[in-house]
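The values are calculated or read from the model by the stated rules, or taken from the named source; none is laboratory data. Bear in mind that the values here come from a model prediction, so they are computed numbers and not experimental data. With ideal geometry, Cβ positions are generated from the backbone for all residues, glycine too; neighbour counts draw on all protein chains shown. Accessible surface is based on the protein model in full, side chains and every heavy atom, while ligands, DNA and RNA are left aside. Shrake-Rupley method; radii C 1.70, N 1.55, O 1.52, S 1.80 Å.
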Number of protein chains: 4
Amino acid sequence: MSTPRRFLLKLYAPDRLGLLAAITTLLAQQQGNFLDVQQYTDPLNKAFFTRLAFEFPASLEIEKLKKSIALLARKIGARWTLREQSVPLKTVLLVSKTNHCLAEVLWRWRSKEINIEIAAVISNHEVLRAEVERERIPFHFFPISKEAPRKEKAFQKMAALLRAIHPELMVMCRYMQVLPAWLCNEYECRIINIHHSLLPAFIGADPYRQAYNRGVKLIGATCHYATEELDQGPIIDQEVMRVQHFHSPEDLQRLGRDCEKLALARGIRLHADDRILVHNGRSIVFGD
Amino acid sequence: MSTPRRFLLKLYAPDRLGLLAAITTLLAQQQGNFLDVQQYTDPLNKAFFTRLAFEFPASLEIEKLKKSIALLARKIGARWTLREQSVPLKTVLLVSKTNHCLAEVLWRWRSKEINIEIAAVISNHEVLRAEVERERIPFHFFPISKEAPRKEKAFQKMAALLRAIHPELMVMCRYMQVLPAWLCNEYECRIINIHHSLLPAFIGADPYRQAYNRGVKLIGATCHYATEELDQGPIIDQEVMRVQHFHSPEDLQRLGRDCEKLALARGIRLHADDRILVHNGRSIVFGD
Amino acid sequence: MSTPRRFLLKLYAPDRLGLLAAITTLLAQQQGNFLDVQQYTDPLNKAFFTRLAFEFPASLEIEKLKKSIALLARKIGARWTLREQSVPLKTVLLVSKTNHCLAEVLWRWRSKEINIEIAAVISNHEVLRAEVERERIPFHFFPISKEAPRKEKAFQKMAALLRAIHPELMVMCRYMQVLPAWLCNEYECRIINIHHSLLPAFIGADPYRQAYNRGVKLIGATCHYATEELDQGPIIDQEVMRVQHFHSPEDLQRLGRDCEKLALARGIRLHADDRILVHNGRSIVFGD
Amino acid sequence: MSTPRRFLLKLYAPDRLGLLAAITTLLAQQQGNFLDVQQYTDPLNKAFFTRLAFEFPASLEIEKLKKSIALLARKIGARWTLREQSVPLKTVLLVSKTNHCLAEVLWRWRSKEINIEIAAVISNHEVLRAEVERERIPFHFFPISKEAPRKEKAFQKMAALLRAIHPELMVMCRYMQVLPAWLCNEYECRIINIHHSLLPAFIGADPYRQAYNRGVKLIGATCHYATEELDQGPIIDQEVMRVQHFHSPEDLQRLGRDCEKLALARGIRLHADDRILVHNGRSIVFGD
């Protein structure tokens, strides 16, 4: 007898009576055994969200399953994704010069804490090449000019490579360039970024300096999807740390790195485990 | 047209295929509209737990609903409870001399943060009478002797009063007596206690002094159900706070009070919202 | 033999060699015994801050001590305060309609967790009168008109009462009026306010609604000194709590109240224990 | 003109009048400029602790300074250490098979977040050799037999190497052997260990399994000095994380790793910055 196969179904639909019963009945009829079901109804937006983790006999015909889900989805106006859990998410990392987020993601990946496959690392600098290549991951250098037309050209070239790789996820590991709007839109809710403040506080440049000047007693980091509008994308996770008057801007930066690493690592894990749905600019996160 | 009625169904059953589908279908068939569904399958114990919050048309015949749930429950070997959300839980508080947990619970109750009705406060001391009676809550004084037979008698008298009141919940707000085993068993998973340490650390007397002596850097409090065995009941919630070398045992006590208040208040809220199931000494808490 | 008297000395001076040695020597020469010394040198602003808790023999001539401190202070260009620890800080509370911060402060005051004496409660509404008066604290009703000239008049009347009471501290317990600039300046760094967000995020009205709309995963509260510019005063303390997608704006409000209560209570305690110095809009907090 | 030199003075003495004044005056007389002074008087044990960070002109004769401190120390019965801040602490890491703590320490060291020099890594297994050697750090393999006399011999050989290296600090990065008492005593307060629970809860083997079985809602890790008695050494730092009923023992292990990494990294930093004094089994930690 062979091992059952595990799947993740993520589904959004406008709310109405009997949705959960319909979905769970459909899957149960095909011998699906639920491992974890999470459901949320947004009462303000009359929207229904669910994530179902379940296993099927190895003999399951996956195309048949997909068809029956698609049929139901059409009836109830649902958007949905189905993924086999054992397949890691094809991922590209974007980095610049600092390595703390990169090192964090590499370690979590090697330790299998996050279910991704790193297809490539792209950078606008050369400094992290060795750290990437010693893990036998391809490193691509795309310098980004400050001058608008050349910058645009550089991103076009980068996008060409991305289209060749065809990643399911991109992660900005403190990549210090603003991505063009068209690229954010092309990979909507598939580019994870980490901002080094508790958004929406301290949007923009040098948030630790801003935090120091304001004299806050808590600093943090925000993991979010990159969108056209800078630092405005749906928030996935946040991490926070206490600071005191004696912490210099450099101390805040150092402590903040721990927040960034944790929030980013959790964000990637949540995404790679298909736990996030986005609706009206807010993220529904079925936590683990 | 009248307002729909809201219900909470809590259910445990040995795991098998199709449980969630069966339950949600049953409720959907009777026009139940889910507001919140949480489900957990314990893979080690092959046990299925769910909590469903849903609303029904005002015209619903509640007895008919109960019958159909009972029928299903018998088939699948389930234990379950059904409660109408608008009815507050009849509660008795037990106190001794310190008032921080009492004041906390009274404030949360007055502010409707916890859905309880306080039927009485019982104490082994007179000191908190005024604070209770000014809220128009009956206060009962049951002094507890140190001598075993007289102590037992006192608890018997107290139990007689409890049986007359018939509370659904008892809360030990830093009640400084160990309840007899028979009383804990009579109200199994219906007596909430607060212990002033991060259990299982510092069981027994004067945990803050123990914590000081050990030089811990984190202190906390544990909200749990009272069981026959002291400080061993299923844990509902815990709260924690950082401390430093300069904190005296009295400081730990002061800071710990904030942990106790928060953990106890959350624990009562979780219980009163029917979010807790207990299995094999562990609590499944469908959080809010 | 009589009990020694305890004092708190708070001092700021431009930094230069030998400051701490000079101050500790001066106090030691008069038989001062240090209980706790905290010192901070701001390297960016070349500023020296210290807080010394010490005790003196009961026979000490306090005026003589003050004179010698004043002499040194003049030499080094210092600002300083000296307070006898046993004397509670004369305090006025400002409230509107919600009582959670009021109840919190009252409980901390009754429990002697914060070293204040509550001389009066001032409100722009009548709703909390009973809750105040049952504690035998005078309650003063000053309705505040929306119309500018009448509003100004109301604050003038209120200020007249304040000048008669002569409080050392005012605490805005969710007082829902913006104090006029002249009043903030008159009581500079002596008006503590609580804002229901992690400042500088969500300045202004209805921060929990703003937080909900932005989909943050952390909410919090900020205790700060009221200044002319709304929500811009020096931050004393902040408290934070995790939230999830299923928390409604009302849930955020409820959870946020716990943050507000904790941050405000700690802020008052820090102030009343003379642990806060303000410099360039940032607070130096010698924590406990 | 050359850069001033920075020093750290750590000092313990039985408490008496004028200690801080005497020390600060001594240093000020030699043109010492304080960057940070922390002081704590333990009122129960009448013990005085201080840590002073200061800088001296480059021309300072360090031996003269040491002599004058030694003279004062003898008079007041003090134990003390003086260190020049720019010199990293010579450190040996002990590892077994898991690499999360090792990778963490290596990253913090490369990033200069902790002021240590890693002289060697010692392991009872070969699995982490490559990860160590690619950082150009010597890796020494000392297998430890289960059989008592051979085990003792192995530790004797290991100690011989240690005496040759002469490290100022050892860090057990999840080294899965109990060090012999004589080794702990030889390096008293110079061996940092990380235990994967919130000590004193879950002493001994497999704490995450214990935590799962007890159903705790908070897990954590404890960084402490290794002592003769297992898991009983002075606590340096602790870290904590919320968990829920659905977290399996493996989940607790995974989440716990983040606690271990943070607590260990902070503990090493505190030690390497000379911020820890130990007295009566408790650690005084002058935090940063």
How big is the charge dipole of the protein assembly as shown about its Cα centre, in debye rounded to the nearest 20, if each Lys and Arg gets +1 on its Cβ and each Asp and Glu gets -1 on its Cβ?
0 debye
Tell me the angle of helix D:62-76 to the major Cα principal axis of chain D, expressed in degrees between 0 and 90 and rounded to the nearest ten.
90 degrees
Which of the three applies to the stretch D:89-285, rounded, prolate or oblate, going by the alpha-carbon gyration tensor with a ≥ b ≥ c and a/c under 1.5 meaning rounded?
rounded
Between beta-carbons, use under 12 Å as the cut-off and find the net charge around D:S145, counting Lys and Arg +1, Asp and Glu -1.
+3
Put the label 7 Å from Cα along Cα→Cβ for B:A181; what are its distances to the other copies, in nanometres, shortest first?
3.9, 7.4, 7.4
Among the DSSP beta bridges whose two residues both lie in chain C, what percent are antiparallel, rounded to the nearest 5?
70 percent
For the protein assembly as shown, the percent of accessible surface on carbon and sulfur atoms (probe 1.4 angstrom, ligands and nucleic acids excluded) is 53 percent
How charged is the neighbourhood of D:M170? Take every other residue with its Cβ under 14 Å from the Cβ of D:M170, and add Lys/Arg as +1 and Asp/Glu as -1.
0
Are there trypsin sites (Lys or Arg not before Pro) in the stretch D:1-92 that DSSP marks as loop and that have at most 15 other Cβ atoms within 10 Å, and which are they?
D:R16, D:K46
A:R129-B:K157 FRET efficiency (beta carbon distance; Förster radius 60 Å; 0.05 resolution):
0.15
Kindly state, to the nearest 0.05, the FRET efficiency for B:D206 paired with A:R214, given R0 = 41 Å and r defined as their beta-carbon distance.
0.45
Label distances, nm, D:N213 versus same residue in remaining copies, Cβ-directed 7 Å point:
2.6, 5.3, 5.7
For chain B, the longest principal axis of the Cα atoms and the Cα long axis of helix B:148-165 enclose an angle in degrees, to the nearest 10, of 40 degrees
In square angstrom to the nearest 100, the accessible surface buried at the A/B interface, both sides summed with a 1.4 Å probe, amounts to 1400 Å²
Go ahead and estimate [θ] at 222 nm for chain D from helices alone: -39,500 (n - 2.57) per DSSP H run with n ≥ 4, summed, over the residue count, rounded to 500.
-10500 deg cm²/dmol
Give me the percent of DSSP beta bridges within the protein assembly as shown that run antiparallel, rounded to the nearest 5.
70 percent
So, for the protein assembly as shown, what is the accessible surface per residue at a probe of 1.4 Å, expressed in square angstrom?
41 Å²
Along the Cα-to-C-beta direction of B:Q177, a point sits 7 Å from the Cα; which residues of the stretch B:135-153 have their amide N less than 20 Å from that point?
B:138-153
Can you tell which of D:Q232, D:C259, D:S283 lies farthest toward the positive end of the dipole of the stretch D:205-288, using +1 and -1 charges on the Cβ of basic and acidic side chains (Lys, Arg; Asp, Glu)?
D:C259
Which of rounded, prolate or oblate describes the protein assembly as shown when judged by the alpha-carbon gyration tensor and an a/c cut-off of 1.5?
rounded
Using a 1.4 Å probe, how large is the accessible area of B:R257, given in Å² and rounded to the nearest 10?
50 Å²
If a cysteine in chain C has no other Cys Cβ under 4.7 Å from its own Cβ, put it on the list, ordered by number.
C:C184, C:C189, C:C223, C:C259
About the Cα centre, charge dipole magnitude for the stretch B:5-84 (Lys/Arg +1, Asp/Glu -1 at Cβ), debye:
260 debye
Spacing of the two label points (7 Å from each Cα toward its C-beta) at B:R110 and D:R79, in nm
5.3 nm
How big is the charge dipole of chain A about its Cα centre, in debye rounded to the nearest 20, if each Lys and Arg gets +1 on its Cβ and each Asp and Glu gets -1 on its Cβ?
340 debye
Using θ = phi - 60° and the Karplus curve 6.51 cos²θ - 1.76 cosθ + 1.60, what whole-Hz ³J(HN,Hα) does each residue of the stretch D:24-29 get, with Gly and Pro shown as x?
5, 5, 3, 5, 5, 4
Positive-end residue, chain D charge dipole about Cα centroid, Cβ charges, pick of D:T50, D:A120, D:L102
D:T50
Please work out whether the stretch B:5-84 counts as rounded, prolate or oblate from its C-alpha gyration tensor, where a ≥ b ≥ c are the square roots of the eigenvalues and a/c under 1.5 means rounded, while otherwise a/b larger than b/c means prolate and anything else oblate?
prolate
Tell me, what ³J(HN,Hα) does each residue in the stretch C:116-127 have, in order and in whole Hz, if you take phi through Karplus 6.51 cos²θ - 1.76 cosθ + 1.60 with θ = phi - 60° and put x for Gly and Pro?
10, 10, 8, 6, 6, 10, 10, 9, 8, 9, 9, 4
Sparse-neighbourhood loop hits (GluC sites (Glu not before Pro), the stretch D:1-79; DSSP loop; Cβ within 10 Å at most 11 others) -> D:E61
Can you list the copy-to-copy distances for C:L82, using a point 7 angstrom from Cα toward Cβ, in nanometres, shortest first?
3.4, 7.6, 8.1
What residue in chain C has the Cβ closest to the axis turning C into A, and how close is it in whole Å?
C:A201, 2
When Lys and Arg each count +1 and Asp and Glu each count -1, what net charge do the other residues less than 11 Å away from A:L277, Cβ to Cβ, add up to?
+3
Where in the stretch C:191-288 are there GluC sites (Glu not before Pro) that are in a DSSP coil and have at most 16 other Cβ atoms within 10 angstrom of their Cβ?
C:E228, C:E229
Be a star and scan the stretch A:29-44 for residues whose amide nitrogen sits under 17 Å from the point 7 Å along the Cα-to-Cβ vector of B:R16.
A:29-34
DSSP beta bridges in the stretch D:159-288, what fraction antiparallel, as a percent rounded to 5?
85 percent
Could you tell me how many degrees, from 0 to 90 and to the nearest 10, lie between the Cα long axis of helix D:100-110 and the main elongation axis, the longest principal axis, of the Cα atoms of chain D?
30 degrees
